[in-house]
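The values are calculated or read from the model by the stated rules, or taken from the named source; none is laboratory data. Here the structure is a predicted model, which means the values were calculated and not measured. Cβ coordinates were reconstructed from backbone atoms using ideal geometry, including for glycine residues, and neighbour counts include every protein chain displayed.
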């Protein structure tokens, strides 16, 4: 017969094995492939279907399923047939990640959503030269260009530049003047005013509707 010590060891090993299986299953559900980026609700994502690029938001992650807010065309949500593939591009503070995805369904109510799964390995295609800091709150930034002034809000910032949402677009390589609040001066290691160059400008969905996302690189010292 099995003595008490052997029985205790056996039960302990069984519990440990069950815990490891549970943890590995949770990791698989959150990130089924190696070198995955951090996936967070509200992240801006881009995906390409038939050589056409769309920009939208990651609504949430349910196990291995990505729930995406449908992009809009002329104010109408765009959907894709189940089984079709796309190339997903995700920009994070750690860099740019890309992976193939497959659309597996959609819903119209209570809110429109696209369901997709990651269909291949994530590729870390671009690393940040400077570490970017995600901002937990919307930090207002004054923007001046060509005699006009807007108020935008920063999404993240680094010593080399920042990403912000603006109410109006700006052409690539245009120079803008920024008035940085105290909350950003320590992150950017700069004074209250900086000059930056527009390196990207995209139409972007926000909680308030659609605006423009500007990626800016500082060009002054």
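Tell me which residues, restricted to region 64-88, are part of a strand (DSSP E or B) and either on the phi > 0 side of the Ramachandran plot or loosely packed, with under 13 Cβ neighbours inside 10 Å (or both). Residues satisfying the conditions are 73, 76. Go through region 43-63 and give me each residue that's part of a loop (DSSP other than H, G, I, E, B) and either in contact (Cβ under 8 Å) with a residue 60 or more places away in the chain or surrounded by 14 or more Cβ atoms within 10 Å (Cβ to Cβ) (or both). The one that is part of a loop (DSSP other than H, G, I, E, B) and either in contact (Cβ under 8 Å) with a residue 60 or more places away in the chain or surrounded by 14 or more Cβ atoms within 10 Å (Cβ to Cβ) (or both): 43.
Going by the structure shown, is residue 195 part of a strand (DSSP E or B), at pLDDT 90 or above and surrounded by fewer than 17 Cβ atoms within 10 Å (Cβ to Cβ)? Criteria met by residue 195.
In region 207-221, the residues that are in the same structural domain as residue 151 (by TED's automatic domain parsing) and part of a loop (DSSP other than H, G, I, E, B) never reach a residue that is modelled with pLDDT under 80 and exposed (fewer than 12 other Cβ atoms within 10 Å of the Cβ) with C-beta atoms less than 9 angstrom apart, at least six apart or across chains.
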